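Each reported figure results from applying straightforward, stated rules to the coordinates on display, with no laboratory input. On a predicted model such as this, the values are computed, not experimentally measured, just so you know.
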Ligand code: PSU
Ligand code: MN
């Protein structure tokens with residue numbers, strides 16, 4: 001194990017014996033949801049992964065190490081820290097580790113930790129992507145570059161319409177990232193199952209996903225695969241109402257001159273206020289669903 005990594009004994013043992021492990025990110029805990037729903041969700045995600053036959057490894061930075069798997073005390077520390085924990089992407093990891101800061105990992109940084117630990121499957125809610133107006137602001141999430149270079153399968157519910165979804169899919173195509181739809185031909189739009197935009201390939205079960213992952217990595221094609229898993233129909237929110245809410249959230253961010261890495265957390269919090277908490281309920285439902293599917297993919301990948 002890499003000296004900067006600190007796995008829990010359970011995860012170290014699972015990895016040594018090649019049992020299925022699913023990585024989970026921590027920015028969604030610290031910056032993506034309010035306390036105490038964030039802590040409850042973090043625990044619920046771990047339970048979903050276990051129930052589906054894999055072990056959960058939530059990843060975060062504490063005391064100069066990348067933790068691979070958090071015990072209950074560490075989860076609580078992160079959940080109560082909220083946005084006072086640092087939001088860490090690729091560029092932020094060196095500083096956070098050298099200074100011993102408390103840091104939550106984004107999709108990009110979680111992929112890096114997972115890859116170093118030897119974990120190939122990771123569940124999150126939504127990835128970062130190309131922001132609306134990126135042709136002016138240049139705001140394109142480092143998550144996309146990470147998907148291009150780091151060999152981990154990321155299970156998500158698509159990307160939120162706070163982003164420019166067509167441009168996000170264009171960048172993923174350019175950077176060679178396969179975008180698979182789980183039981184769908186369409187890239188899901190986070191709160192809604194459909195975006196009108198096609199995925200590259202539809203998979204109807206986890207064995208097909210595992211076969212594609214193996215083929216990619218056996219070819220020596222380094223980099224991630226995005227598995228887009230739509231929100232369960234029962235939890236879906238009305239797409240038109242969410243579009244109006246997103247526009248309101250974007251206007252709020254603009255009025256408050258929010259920039260850079262603060263934009264995504266700001267928009268998520270604004271959406272929650274605007275929808276009276278319905279965006280949070282949907283977010284929790286879809287991320288639990290992603291944890292379940294990711295556990296299935298990890299189990300299929302562990303089966304030769
Ligand atoms: N999108 C969501 N929820 C989230 C995030 C994105 O729907 O919690 C978080 C993830 O950690 C993601 C990060 O990796 O925001 C992207 O931030 P940025 O746009 O600053 O790259
Ligand atoms: Mn950004």
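Please label the shape of the stretch 166-259 as rounded, prolate or oblate, based on the square roots a ≥ b ≥ c of the eigenvalues of the alpha-carbon gyration tensor (a/c under 1.5 means rounded; beyond that, a/b larger than b/c means prolate, else oblate). Numbers along the way, then the final one.
On the way: a/c = 3.10, a/b = 1.64, b/c = 1.89.
Because a/c hits 1.5 or more and a/b fails to exceed b/c, the stretch 166-259 counts as oblate.
In whole angstrom, how far apart do the alpha carbon centroids of the stretch 144-200 and the stretch 210-230 sit?
13
When you take every Cα atom in the stretch 1-116, what is the radius of gyration, and what is Dmax, the widest Cα pair distance, in Å?
Taking only Cα atoms of the stretch 1-116, I get Rg and Dmax of 13.0, 37 Å.
Give the share of C-alpha pairs in each 10 angstrom bin for the stretch 77-135, from 0 to the last occupied bin, in whole percents, shortest bins first.
Reading the bins upward from 0: 20, 45, 30, 5.
Based only on Cα atoms, what Rg/Rh ratio does the stretch 108-219 have, Rh being taken as Kirkwood's radius? It would help to have the intermediate numbers written out before the result.
Numbers: Rg = 13.7 Å, Rh = 14.4 Å.
Ratio of gyration radius to Kirkwood radius for the stretch 108-219: 0.95.
Within the stretch 5-76, what percent of beta bridges assigned by DSSP are antiparallel, to the nearest 5? The partial results should precede the final answer.
Working: 4 of 11 bridges.
Of those bridges, close to 35 percent are antiparallel.
What number, in percent, do you get for the relative contact order of the stretch 171-232 if the mean sequence gap of Cα pairs under 8 Å and at least 6 apart is divided by its residue count?
Values: 91 pairs, mean separation 27.8, N = 62.
About 45 percent, as a whole number.
Cα centroid distance between the stretch 1-49 and the stretch 278-301, in Å?
One Cα centre to the other: 13 Å.
Run the numbers for residue 259 and residue 202: contour at 0.36 nm per residue of separation, minus the present Cα-Cα distance, in nm. Mind showing how you got there, number by number?
Details: separation 57, 0.36 × 57 = 20.52 nm, distance 3.56 nm.
Additional length available on full extension: 17.0 nm.
What percent of all Cα-Cα pairs in the chain falls into each 20 Å bin, going from 0 up to the bin containing the maximum distance?
37, 60, 3
Could you tell me, in Å, what Rg and Dmax come out for the Cα atoms of the stretch 1-65?
Cα radius of gyration and Dmax of the stretch 1-65 are 12.8, 36 Å respectively.
Classify the stretch 205-304 as rounded, prolate or oblate, taking a ≥ b ≥ c as the square roots of the eigenvalues of its Cα gyration tensor: rounded when a/c is under 1.5, otherwise prolate if a/b is larger than b/c and oblate if not. Spell out each step's value before the answer.
On the way: a/c = 3.39, a/b = 1.92, b/c = 1.76.
Here the stretch 205-304 falls in the prolate category.
Given the rule -39500 (n - 2.57) for each run of at least 4 DSSP H residues, summed and divided by the residues of the chain, what is its mean residue ellipticity at 222 nm, to the nearest 500 deg cm²/dmol?
On the way: 13 runs with 144 residues, N = 304.
When only DSSP H runs of four or more count, the value is -14500 deg cm²/dmol.
From Cα pairs below 8 angstrom and at least 6 apart in sequence, can you work out the relative contact order of the chain, rounded to a whole percent?
Details: 628 pairs, mean separation 62.2, N = 304.
Relative contact order comes out at 20 percent.
Under the Kirkwood approximation for Rh and a Cα-based Rg, what ratio Rg/Rh is obtained for the stretch 25-178? Before the final figure, lay out the partial values.
Numbers: Rg = 15.1 Å, Rh = 15.8 Å.
My calculation of the ratio gives 0.96.
How much of the DSSP bridge set in the chain is antiparallel, in percent, rounded to the nearest 5? Show your work: numbers first, answer last.
Numbers: 11 of 36 bridges.
Bridges in the chain that DSSP calls antiparallel: roughly 30 percent.
Give me the percent relative contact order of the stretch 75-165, please, defined on Cα pairs under 8 angstrom at least 6 residues apart. Write down the numbers at each step before the final one.
On the way: 122 pairs, mean separation 24.9, N = 91.
27 percent.
Please report Rg over Rh for the stretch 258-304, where both radii come from the alpha carbon positions and Rh follows the Kirkwood definition. Can you show the working numbers first?
Values: Rg = 15.8 Å, Rh = 12.8 Å.
Reported Rg/Rh (Cα atoms, Kirkwood Rh): 1.24.
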